[in-house]
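Here's the structure, in structure tokens; my notes come after.
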Amino acid sequence: MYNEYLLKLEEAGEIRNLKERSINCYKNYVSYFLNYVKKNPEELICQDVREFLLAKKKEGLKSTTLNLYNSAIRFFYRNVLHILWDDTTVPRMIIDHKLPTVLTREEVDQLLDATDNLKYKAMFATMYSSGMRVSEVIHLHYDDISRTNMQIHVRDTKNRMDRYTILSKRNLEILTEYWFRKGKPRGILFPNKFTGEYLTVSTLEQVIRRSAKKAELSAGTTPHCLRHSFATHLMEAGVDTRNIQVLLGHRDPKSTEVYLHTSNKSLMGIQSPFDRKEDEADE
């Protein structure tokens, strides 16, 4: 029913050089919205979006998800329907910023030991040892691994900025074992065994949930926890925040500074003033 408009949305995304997965997300969110309101798109107004988002909020959708709907529908209104968008009628929702979940070094080892499939073990090890996003690891190719320089070339990043990150010796050993046992893949490093194409994020999320349960870790353990753990452990080891920012591929240093809140301050050599020595207190 709305295929004509979704095709126009796809074209609008392509002319702006949006990533394919971003365009597909926009199409999915807008399609859901259109099927919900059941109106002629030419008759839509901002109040329709407001009522839709309020209804979804009452159903329990989180602010982050609702803001994704907001972004997709706003793009559709402005670039396909050419309707004036009103941020007062449809404001973005305030998001609660919770601290990321961080695993200890021992818990990372437990997770890897509980992952029987060597391919997924190699992927999890790469995420922790290099700080890569799950989507970045999924899109790794054989040529992205440099044994000579002990670096990983990270392409297809969230912010479209290629970068290099570190390749640990221990991770290289796991990757090498995987590579030989899985037939020496030369293209996609971690292909789907059925299609030969890229794996999906949801696949890794399912696998890590099973491994976390087996290792008796928190039910909230996700692939992204490994990236958080990488950054936090580097910060505790005294690595400069700017270097961590570069390794993570953060544009905004504030995104990196969140790991100051998750770090173990005792490992960073910070002492509470309440624990000052008695002779210092008497001065």
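The values are calculated or read from the model by the stated rules, or taken from the named source; none is laboratory data. The shown structure was predicted, so the numbers you read here are calculated from the model rather than taken from an experiment. Heads up, the Cβs are rebuilt from the backbone with ideal geometry, glycines too, and the neighbour counts pull from every protein chain shown.
Each row is one residue, and each column tells you yes or no for (1) within 30 Å of residue 170 (Cβ to Cβ); (2) charged (D, E, K, R); (3) free of Cβ contacts under 8 Å to residues at least 12 places away in the same chain; (4) part of a loop (DSSP other than H, G, I, E, B).
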site	(1), (2), (3), (4)
10	no, yes, no, no
27	no, yes, no, no
68	no, no, no, no
73	no, no, no, no
91	no, no, yes, yes
102	yes, no, no, yes
106	yes, yes, yes, no
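Tell me the residue from 10, 14, 59 that is under 21 Å from residue 96 (Cβ atoms), outside the structural domain of residue 139 (by TED's automatic domain parsing) and at pLDDT 95 or above, please. I'd like the intermediate steps shown before the answer.
Values: 10 fails: under 21 Å from residue 96 (Cβ atoms); 14 fails: under 21 Å from residue 96 (Cβ atoms).
Going through 10, 14, 59 in turn, just one is under 21 Å from residue 96 (Cβ atoms), outside the structural domain of residue 139 (by TED's automatic domain parsing) and at pLDDT 95 or above: 59.
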task: Hey, can you tell me all the residues within region 226-253 that are exposed (fewer than 14 other Cβ atoms within 10 Å of the Cβ) and not in a helix (DSSP H, G or I)?
output: 237, 238, 239, 240, 251, 252
- prompt: How about region 86-128: which of its residues are crowded, with 18+ Cβ neighbours inside 10 Å and modelled with pLDDT under 95?
  reply: 102, 103
query: Out of the residues in region 170-183 that are over 17 Å from residue 132 (Cβ atoms) and not hydrophobic (A, V, I, L, M, F, W, C), which is surrounded by the most Cβ atoms within 10 Å (Cβ to Cβ)?
result: 182
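Matching residues to (1) hydroxyl-bearing (Ser, Thr, Tyr); (2) assigned to a loop (DSSP other than H, G, I, E, B):
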site	(1), (2)
196	no, yes
211	yes, no
219	no, yes
255	yes, no
260	no, no
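In this structure, is residue 207 among the aliphatic types (A, V, I, L, M) and in a helix (DSSP H, G or I)? Show your work before the answer.
On the way: among the aliphatic types (A, V, I, L, M): yes; in a helix (DSSP H, G or I): yes.
Taking the combined requirement at face value, the residue satisfies it.
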Candidates 57, 19 - the one that is surrounded by fewer than 16 Cβ atoms within 10 Å (Cβ to Cβ) and touching a Leu at 6+ places or on another chain (Cβ under 9 Å): 57
- prompt: Can you name the residue in region 144-155 that is free of Cβ contacts under 8 Å to residues at least 24 places away in the same chain and closer than 28 Å to residue 17 by Cα and is also surrounded by the fewest Cβ atoms within 10 Å (Cβ to Cβ) among such residues?
  reply: 155
query: Looking at region 242-256, is at least one residue modelled with pLDDT of 75 or more and among the small types (Gly, Ala, Ser)?
result: yes
